[in-house]
1. Could you give me the residue pairs with C-beta distances under 8 Å whose first residue belongs to region 53-64 and is without any contact (Cβ under 8 Å) to a residue 60 or more places away in the chain and more than 11 Å from P117 (Cα to Cα), whose second residue is among the acidic types (D, E) and surrounded by fewer than 23 Cβ atoms within 10 Å (Cβ to Cβ) wherever it lies, and which are 6+ apart or on separate chains?
2. Do we have I53 as under 16 Å from the mean Cα position of the chain (by Cα) and either of a type in the set (S, T, N, Q) or under 27 Å from F144 (Cβ atoms) (or both) here?
3. Restricting attention to region 65-83, which residues are farther than 16 Å from F140 by Cα and touching a Ser or Thr at 6+ places or on another chain (Cβ under 6 Å)?
4. Looking at region 86-113 only, could you name the residues that are touching a strand residue (DSSP E or B) at 6+ places or on another chain (Cβ under 8 Å), among the aliphatic types (A, V, I, L, M) and at pLDDT 90 or above?
5. Where residues in region 6-19 are touching a helix residue (DSSP H, G or I) at 6+ places or on another chain (Cβ under 8 Å) and assigned to a helix (DSSP H, G or I), which of them is farthest from I106 (Cα to Cα)?
6. Select from region 117-142 the residues that are in a loop (DSSP other than H, G, I, E, B) and modelled with pLDDT under 90 and write down the one among them that is nearest to P30 (Cα to Cα).
7. Inside region 20-91, counting only strands (runs of 3 or more DSSP E) that do not spill past its ends, which hold 3 or more residues that are of a type in the set (A, V, I, L, M) and surrounded by 12 or more Cβ atoms within 10 Å (Cβ to Cβ)?
Amino acid sequence: METSEIDLDSLTTQFENIIRAVFEPLLKAPLERVEELLPEDNQKATRSACVHILGGWQGTVSSEIEIDLLTTITKNMLQKEQVDADELGSVSSELTNIIGGNLKGILAVDRCILSIPKEKVSQGFDFHELENKIIIKLCFKSGFQLMVIKLHQALTKIV
């Protein structure tokens, strides 16, 4: 399925609904959609994760979550008062994997699979993968903390 075959407005709405369904119960609050990030937002410490979708449609779901926001999400998800860096990474990867799993059913025209999620500590909201283009970028705020979830489409297919 090529980008030209995708109804991006409909897909964006479905993508946002999936993100809200995953994150809002863990935050115990609604997310506020933000159209653009400010330049100073790229100075914030974030945790990034991604999962690849392979099959009839190929691409990547990536998440970049400000550390303080991810800490809140992780504490709520694990029902713990204190969490460590490994738990932050595991939760970041798992939530990105859940979003990817929901999207693969929407995007795939043929049978497809998800890769094992990978994650990293980063600065700002600049996650990108080689050989792809961002087709949807959604920015959200909870309080004063930010997260960005992107859908990238592969430019070259892995066979």
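1. Between residues of region 53-64 that are without any contact (Cβ under 8 Å) to a residue 60 or more places away in the chain and more than 11 Å from P117 (Cα to Cα) and residues that are among the acidic types (D, E) and surrounded by fewer than 23 Cβ atoms within 10 Å (Cβ to Cβ), the close pairs are G55/D110; G56/D110.
2. On the way: under 16 Å from the mean Cα position of the chain (by Cα): yes; either of a type in the set (S, T, N, Q) or under 27 Å from F144 (Cβ atoms) (or both): no.
Considered against the rule, which asks whether it is under 16 Å from the mean Cα position of the chain (by Cα) and either of a type in the set (S, T, N, Q) or under 27 Å from F144 (Cβ atoms) (or both), I53 comes out as no.
3. V83
4. Across region 86-113, the qualifying residues are L88, L95, I99, L103.
5. Step one: of region 6-19, the residues touching a helix residue (DSSP H, G or I) at 6+ places or on another chain (Cβ under 8 Å) are 6, 11, 14-15, 18-19.
Checking which are assigned to a helix (DSSP H, G or I) leaves us with 11, 14-15, 18-19.
On the way: L11: 8, Q14: 9, F15: 10, I18: 11, I19: 14 Å.
The qualifying residue farthest from I106 (Cα to Cα) is I19.
6. Taking region 117-142 first, the residues in a loop (DSSP other than H, G, I, E, B) are 117, 124-131.
Going one step further and asking which of them are modelled with pLDDT under 90, we end up with 124-131.
Values: G124: 23, F125: 21, D126: 24, F127: 24, H128: 27, E129: 29, L130: 33, E131: 34 Å.
My answer is F125.
7. It comes to 45-54.
The values are calculated or read from the model by the stated rules, or taken from the named source; none is laboratory data. If you're wondering where the values come from, they're calculated on a predicted model, not measured in any experiment. Cβ coordinates were reconstructed from backbone atoms using ideal geometry, including for glycine residues, and neighbour counts include every protein chain displayed.
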